[in-house]
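Asker: I have a structure I would like to understand better, so I am pasting it below and will then ask my questions one at a time.
Bear in mind that the values in this text are calculations on the coordinates, not laboratory data. Fair warning: this is a prediction, and the values are worked out from it, not measured in the lab. Glycine gets a Cβ as well: all are built from the backbone with ideal geometry, and neighbour counts include every protein chain shown.
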Amino acid sequence: MTYAREKRLLLGFAALLAPLPLPLNQMLEWSVLLLYEIAVVLFLVRAARGADAVAGADDSGRWLSNRALNLLGLGYLPVLVLDIAANGRIQTLRPVLHLALFGVLAKLWSLREEKQKWQTWMGIFFLFLAAMATSVHPSVVLYLVVFLGLTVVLMLRFVYLHVLASFGHRDASPPELPVRRFLAGAILATLVLAVPLFALLPRIRSPYIMAAGGGGGQLEARAGFSDAMSLDLIGRIRDNREIAMRLNFTGATAPPGAMRFKAATYDIWEGRTWRRSERARTLRRNPKEDVFHLAPSATNPRSASVQIFLEPLRSNSLILPMESVSVGLDLAAIDLDRGGAIFLKGMPGAVLEYRVELGATEISLAPPPLAPLSSAPPLPTSNVPAGSPTTSAAPAGPAPSAPGLPSRVAGSLVAPDPPVENALDLAGVTPRIAELAAGWAGAGTPLERARRIERHLLFEYGYTLEFIGRGGNQPIENFLFVAKRGHCEYFASAMVLLLRSQGIPARLVTGFYGAEYTAWERSWVVRQSNAHAWVEGYVPEKGWIVFDPTPPVGRPSSEPASLLGTAREAWEFVLFRWDRYVISFDFYDQVGIFFRVRSYLDQFMRQLFAATDRTPKRLASEPAPAAPTGTGADASSAATGRWRNRWLWAVVAAFVVAAIGAALVLRRREPWSATRVYVRLRAALAGSGLMPPAWLGPLALAEFAERRLPEAGPATARLIAGYLRESFAGEASSADGIESLREDLAEVERLANRALAESRRANRRGGRQKRKTIR
């Protein structure tokens with residue numbers, strides 16, 4: 001195989017591998033990658049078949065000429081313009097990747113000159129960088145290792161073929177190099193060195209190009225708690241087992257398997273969707289304690305705390321347990337809506353870590369309703385329109401005054417509109433729903449009536465996911481009177497409308513229900529499948545309380561233990577560490593590493609140089625303490641300190657001895673041989689100023705030394721003859737022969753040093769004569 005064909009094959013294999021992760025990251029279409037891979041495979045087949053040709057034959061007709069290459073470039077220009085117009089607004093990098101793929105293919109099919117292989121390699125390396133920069137999945141490590149190995153082999157082979165070609169060997173098959181151990185060691189050393197470099201090199205804010213995917217395939221539905229929610233959002237993600245939150249508890253807390261984690265509240269019904277209530281107020285962080293106080297600890301004493309790691313959910317909700325009384329978060333302000341849900345100013349793009357203090361019971365951060373409540377249920381009416389205005393929701397009685405801006409009507413000022421309580425909005429309450437609520441609720445206090453409605457839904461309706469995406473124009477009425485089956489959004493939405501028809505303020509709440517313990521994480525995890533919807537209703541005797549009308553069979557629960565589940569937990573453990581210590585590793589983590597290392601060093605030095613006598617220093621006026629008797633706790637402490645110091649000094653001494661021994665072993669010289677003598681000969685000639693070229697062979701080196709240093713000619717000839725016998729004839733030199741070669745080497749080094757000294761003296765004499773002439 002000729003050298004040119006082998007280089008083509010090496011470049012072809014690298015081009016075949018470089019863009020493989022791009023479709024997984026949704027940065028490249030699968031169809032485009034397939035066409036590219038087919039073209040590269042055809043190139044490899046053609047290059048391999050060319051190896052069967054006669055050595056030295058010209059195969060330039062098999063590849064594209066410069067004229068054809070230029071025509072291809074001109075033909076691709078309109079394609080590039082259309083590509084930018086079609087994809088530039090959606091994905092800016094995609095047209096650039098298309099151009100890079102075209103460029104690599106064009107250069108592969110037109111490889112003729114030696115310099116073109118480096119241009120092709122730069123295009124392939126750009127594809128590799130694009131694949132690495134858009135991949136956030138741990139599997140990219142395997143891709144990196146494979147491409148690194150291919151790169152080392154390619155570079156080593158290129159250098160080897162270049163050296164052989166410089167000696168005139170271009171067509172013969174090159175001999176194999178015994179470099180497998182070197183390649184394995186170089187790749188391993190590169191990977192080991194990459195870890196500290198990754199930890200120490202300066203970080204940028206976003207280390208990866210933001211891609212639509214994560215390098216692991218298609219995106220799954222997530223519990224994104226946005227400003228609006230359809231009746232099918234949670235039902236569609238019940239099969240998604242991805243982790244949404246990780247929880248590390250400390251202290252006495254309620255069973256995490258039954259805890260509720262509040263994410264968003266929805267007050268406004270719009271026919272088939274719920275809309276989030278407006279922001280109520282902004283909370284500021286307490287500068288002294290570095291926390292946001294959510295509820296007074298006097299009403300709900302603290303019992304535990306939890307460290308939360310929230311995965312990106314494409315939402316700005318700050319998900320908290322219902323027992324939360326304060327939250328520690330590195331932000332200046334957070335927002336609280338009318339339903340008591342907390343959300344951030346922006347949407348997190350990485351894992352968000354925060355600490356929450358928990359109270360003994362569930363609480364709601366929502367303020368009381370704006371309108372007064374009546375303990376008596378309103379009479380069912382048959383003329384309540386489906387979309388009645390929100391002002392009709394308030395029970396009879398004067399509305400409390402609230403500050404507001406006056407409105408201008410026909411150029412005159414009128415009194416401001418009274419505040420509206422969205423939790424009493426009757427939109428969506430049809431006459432049939434109001435009549436059903438009256439029959440279920442009966443008489444009694446608001447809490448008693450609400451519990452009766454909850455029980456009817458719990459025991460008379462069934463849970464199912466079969467009706468996702470259905471329901472018609474009146475989905476809640478269809479659920480209550482026709483289907484009588486549904487998922488949690490239908491149960492919660494129906495109860496909200498039933499309570500409102502009874503004059504009981506209510507709102508829909510979404511979040512997560514329950515958590516499961518994982519042995520790999522050694523913590524509790526909340527999965528996407530734990531997403532749930534429930535109801536918050538206001539009763540005068542207790543305030544805002546939780547109602548959950550979904551049957552127990554429809555509430556999220558943990559899967560039974562299995563081998564597959566254990567394997568999934570192990571993989572999730574790897575994913576979390578990868579995301580935490582690779583994807584999200586930033587400048588603050590680097591600073592933390594520095595401070596931890598410094599703390600360990602300080603602790604070690606304190607223990608190393610701690611004084612054995614730990615008694616406090618006495619003043620000159622104080623009497624000298626009595627001498628220790630050697631018994632008791634003080635003597636024992638002093639003895640322990642002495643032994644600790646001796647042990648530390650012994651460790652340091654052992655380390656120093658080991659370091660000296662390792663240095664001596666490393667400095668041990670290899671045994672003398674004809675090859676080592678030959679290497680020393682070349683160094684001696686170079687040091688004398690003769691500077692023989694590096695490519696000069698042994699016989700040519702003997703002629704070179706004979707011309708430039710005649711006195712050393714015989715000794716040089718004997719040295720080179722011994723080297724040739726040992727290296728090429730396989731004749732091992734005897735001890736006497738090695739000693740004779742060393743004597744010849746010493747003679748050459750002496751003559752070379754003398755020649756160098758004479759050259760320096762001649763240069764100095766010439767310099768002095770030149771200065772005299774100038775004067």
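Asker: Need one word for the range 85-162: rounded, prolate or oblate. Basis is the Cα gyration tensor (sqrt eigenvalues a ≥ b ≥ c); a/c below 1.5 gives rounded, then a/b vs b/c decides.
Answerer: It is oblate, given that a/c is not under 1.5 and a/b is not larger than b/c.
Asker: D335: net charge of surrounding residues, Cβ under 12 Å, Lys/Arg +1, Asp/Glu -1, itself excluded?
Answerer: My count for the surroundings of D335 gives +4.
Asker: Another one. Expressed as a whole number of Å, what is the distance separating the alpha-carbon centroids of the range 34-50 and the range 538-572?
Answerer: 54 Å
Asker: Once the other residues with Cβ under 12 Å from the Cβ of R568 are scored (Lys, Arg +1; Asp, Glu -1), what is the net sum?
Answerer: Here the count lands on -4.
Asker: Where the only charges are on Cβ atoms (+1 Lys, Arg; -1 Asp, Glu), what is the dipole of the range 683-741 about its Cα centre, to the nearest 20 debye?
Answerer: 220 debye
Asker: Which order do the peptides 490-498, 249-257 take when ranked by the mean count of other beta-carbon atoms within 10 Å per residue, highest first?
Answerer: Peptide ranking by packing, descending: 490-498, 249-257.
Asker: Related question: Of the options I268, S317, P301, report the single residue whose Cα projects farthest towards the positive end of the charge dipole of the range 235-321 (beta-carbon charges: Lys, Arg +1; Asp, Glu -1).
Answerer: So the residue furthest toward the plus end is I268.
Asker: Can you work out the FRET efficiency for the pair R725 and A199, with r the C-beta to C-beta distance and R0 = 45 Å, to the nearest 0.05?
Answerer: With R0 = 45 Å, the Cβ-Cβ based efficiency is 0.30.
Asker: Between L696 and N248, what is the label-point separation in nm under the 7 Å Cα-to-beta-carbon projection?
Answerer: In this crude spin-label approximation the distance works out to 6.7 nm.
Asker: On a full-extension model of 0.36 nm per residue, what is the gain between A519 and F13, subtracting their alpha-carbon distance, rounded to one decimal in nm?
Answerer: 177.9 nm
Asker: If we count every other residue with Cβ under 14 angstrom of G149's Cβ, Lys/Arg +1 and Asp/Glu -1, where does the sum land?
Answerer: +3
Asker: Please identify every one of the trypsin sites (Lys or Arg not before Pro) in the range 97-139 that sits in a loop by DSSP and has no more than 12 other beta carbons within 10 Å of its own beta carbon.
Answerer: Passing both the DSSP loop test and the Cβ count: K115.
Asker: Just grab the label-to-label distance for K345 and E37, each label 7 Å out from Cα along the Cβ direction, in nm (one decimal).
Answerer: 4.6 nm
Asker: Compute the distance in nm between two label points, each set 7 Å from the Cα along the Cα-to-Cβ direction, one at R568 and one at R67.
Answerer: Each label point lies 7 Å from its Cα, and together they span 6.4 nm.
Asker: Say R0 is 60 Å: what FRET efficiency, to the nearest 0.05, do L142 and E706 get from their beta-carbon distance?
Answerer: 0.55
Asker: Right, another one. Just want to confirm a number: the relative contact order over the range 666-771, from Cα pairs under 8 angstrom separated by 6+ residues, in percent.
Answerer: In percent, rounded to a whole number, it is 35.
Asker: Can you give me the Cα centroid spacing of the range 82-145 and the range 423-466 in angstrom?
Answerer: 61 Å
Asker: Ok, one more. How much length is gained if the chain between R279 and T675 is pulled fully straight, taking 0.36 nm per residue apart and subtracting their Cα-Cα distance, in nm to one decimal?
Answerer: 134.3 nm
Asker: Classify the range 445-575 from the C-alpha gyration tensor, please: rounded if a/c falls under 1.5, else prolate or oblate depending on whether a/b exceeds b/c.
Answerer: Taking the square roots of the gyration eigenvalues as a ≥ b ≥ c, the range 445-575 is prolate.
Asker: Using r as the Cβ-Cβ distance of S230 and K484, and R0 as 30 Å, what FRET efficiency do you calculate, to the nearest 0.05?
Answerer: 0.90
Asker: Once you keep just the Cα pairs under 8 angstrom separated by 6 or more residues, what percentage relative contact order results for the range 434-531?
Answerer: The value is 22 percent.
Asker: Given charges of +1 on the Cβ of Lys and Arg and -1 on the Cβ of Asp and Glu, with all other atoms neutral, how large is the dipole of the range 489-583 about its Cα centre, in debye to the nearest 20?
Answerer: Value, rounded to 20: 120 debye.
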